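A.B. asks: What follows is a structure written as structure tokens; I'll ask about it next.
The values are calculated or read from the model by the stated rules, or taken from the named source; none is laboratory data. Note that the structure is a prediction, hence the values are computed from the model and not measured. Cβ placement follows ideal geometry from the backbone for every residue including glycine, while neighbour counts extend to all protein chains displayed.
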Amino acid sequence: MSDTEFDRKPNNDARNIAPILPCYDDLAASCAYGWSMLERGVKDRKSAFHTPSVATITTAGHPTIRTVVLRGCDTNAKTLRFHTDTRSGKIAELTENPNAAMHFYDAGAKIQLRLAVKLETLSGDAYDTAWAATRPMSRECYQVTQSPGSSIDEPYQVAFDADATRDGEDHFVPVAAHVYQMEWLYLAARGHRRALFDFAADTQNWLVP
């Protein structure tokens, strides 16, 4: 499902072209719209932004990518959050090199975000808050006794043990993605719009699509 309303409204354009978003020629508004889509991605499981891709570098130096579930978005702090298993490859990778990339695309809205981020595992109060908000069904993922990616002979060999894993808490870890760059791409029939927002340098500028 798209993160915009305009593509679900009747199209009255004579050329059968969807109406243009108000942020079309506005840099600041484009950035704000991108963050609003990220915020919705946390709350709406049907949003295309609910399940972004995260790319890291393996300890062997190779790029790798996977899909995660977006669990938090703090627009003011420019930080996103997802959860993972302490034994997953992502943890070893971000420990060695915290620089990563995140990719979001809404085919209905025709909007893509590419984020440059720095990953950090959370502890203390941030950990407690994330764990408390985790649903029982999600906790089952962390109750598996084998490490993610372990080789098994057949699917039914996956073993769950809630008691041995403290309901899964032993293997649960929230990860913060501190966003220092956002690249915005809006595909429009009138002409595409692409922009780069560098939050570390506090700059913004249009790019050639």
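A.B. asks: Can you tell me which residue within the stretch 118-147, out of those that are at pLDDT 95 or above and among the charged types (D, E, K, R), is farthest from Gly89 (Cα to Cα)?
C.D. replies: Among those that are at pLDDT 95 or above and among the charged types (D, E, K, R), it is Asp125.
A.B. asks: Are any of the residues in the stretch 108-124 over 30 Å from Arg194 (Cβ atoms) and either within 19 Å of the chain's Cα centre (by Cα) or surrounded by 15 or more Cβ atoms within 10 Å (Cβ to Cβ) (or both)? I'd like the intermediate steps shown before the answer.
C.D. replies: As a first pass, look at the stretch 108-124 and keep what is over 30 Å from Arg194 (Cβ atoms): 121-124.
Pick out the ones that are also either within 19 Å of the chain's Cα centre (by Cα) or surrounded by 15 or more Cβ atoms within 10 Å (Cβ to Cβ) (or both) and you get 121-122.
The answer is yes; a qualifying residue exists.
A.B. asks: Right, here's the next one. In this structure, does Leu70 turn out to be among the aliphatic types (A, V, I, L, M) and touching a Gly at 6+ places or on another chain (Cβ under 9 Å)? Reasoning before the result, please.
C.D. replies: Working: among the aliphatic types (A, V, I, L, M): yes; touching a Gly at 6+ places or on another chain (Cβ under 9 Å): yes.
For Leu70, the condition - among the aliphatic types (A, V, I, L, M) and touching a Gly at 6+ places or on another chain (Cβ under 9 Å) - is met.
A.B. asks: Name the residue that is surrounded by the fewest Cβ atoms within 10 Å (Cβ to Cβ), counting only residues in the stretch 57-74 that are outside any loop (DSSP other than H, G, I, E, B) and over 13 Å from the mean Cα position of the chain (by Cα).
C.D. replies: Keep residues of the stretch 57-74 that are outside any loop (DSSP other than H, G, I, E, B), which gives 57, 63-67, 72-74.
Remaining after also requiring over 13 Å from the mean Cα position of the chain (by Cα): 57, 63-64.
Numbers: Ile57: 16, Pro63: 9, Thr64: 13.
Here the answer is Pro63.
A.B. asks: Quick check: is even one residue across the stretch 75-86 touching a Lys or Arg at 6+ places or on another chain (Cβ under 8 Å), surrounded by 14 or more Cβ atoms within 10 Å (Cβ to Cβ), in a helix (DSSP H, G or I) and modelled with pLDDT of 95 or more?
C.D. replies: Taking the stretch 75-86 as the starting set, the residues that turn out to be touching a Lys or Arg at 6+ places or on another chain (Cβ under 8 Å) are 81-84.
Next, only the ones that are surrounded by 14 or more Cβ atoms within 10 Å (Cβ to Cβ) stay: 81-84.
From the residues that got through so far, the ones that are in a helix (DSSP H, G or I) too are none.
No.
A.B. asks: Evaluate the stretch 176-191: report whether one residue or more is free of Cβ contacts under 8 Å to residues at least 60 places away in the same chain and of a type in the set (D, E, K, R). Give the derivation first.
C.D. replies: Keep residues of the stretch 176-191 that are free of Cβ contacts under 8 Å to residues at least 60 places away in the same chain, which gives 191.
Then drop every residue that is not of a type in the set (D, E, K, R), which leaves none.
Looking through the stretch 176-191, none of the residues is free of Cβ contacts under 8 Å to residues at least 60 places away in the same chain and of a type in the set (D, E, K, R).
A.B. asks: Read through the list (1) touching a helix residue (DSSP H, G or I) at 6+ places or on another chain (Cβ under 7 Å); (2) assigned to a helix (DSSP H, G or I); (3) within 20 Å of Gly89 (Cβ to Cβ), then give the number of the only condition that Asp170 fails.
C.D. replies: Among (1) touching a helix residue (DSSP H, G or I) at 6+ places or on another chain (Cβ under 7 Å); (2) assigned to a helix (DSSP H, G or I); (3) within 20 Å of Gly89 (Cβ to Cβ), the lone unmet condition for Asp170 is (1).
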